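Q: To start, I am sharing the structure in question, which I have written as structure tokens.
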Amino acid sequence: MQKELFKYLDAIVQLQQALLDALLGIKPIAGEEEWLDNADMKQLLKISDATLYRLRKSGQLLSKKIGGKWFYAKSAIVSSIKQERKP
């Protein structure tokens, strides 16, 4: 009984650490999408506010608005950049 209890406690501590790491931006939870905000996107793509707005409005960027702030799916950006580089 005591071994099972320690096993569950260990699993809870590991889950708690993973959640804290994800919240602090250290590493995303496995299987979860990583999202970038406006500043990160502008820096990554080297574009202006207006260009980012146009890309979002045209649907070229997968985005979500959360609490008045826009976020963009990093995997969608990376995959579209990779496709553009292919001959």
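No value in this document is a laboratory result; all are computed from the given coordinates. Source: prediction; values computed, not measured. Cβ: placed from backbone, ideal geometry, glycine included. Neighbour counts: every protein chain shown.
Q: Looking at (1) under 22 Å from A22 (Cβ atoms); (2) more than 18 Å from the chain's Cα centre (by Cα), can you tell me which one R85 breaks?
A: R85 satisfies every listed condition except (1).
Q: Next question, about the same structure. Is it the case that Y53 is hydroxyl-bearing (S, T, Y) and free of Cβ contacts under 8 Å to residues at least 12 places away in the same chain?
A: Details: hydroxyl-bearing (S, T, Y): yes; free of Cβ contacts under 8 Å to residues at least 12 places away in the same chain: yes.
Yes.
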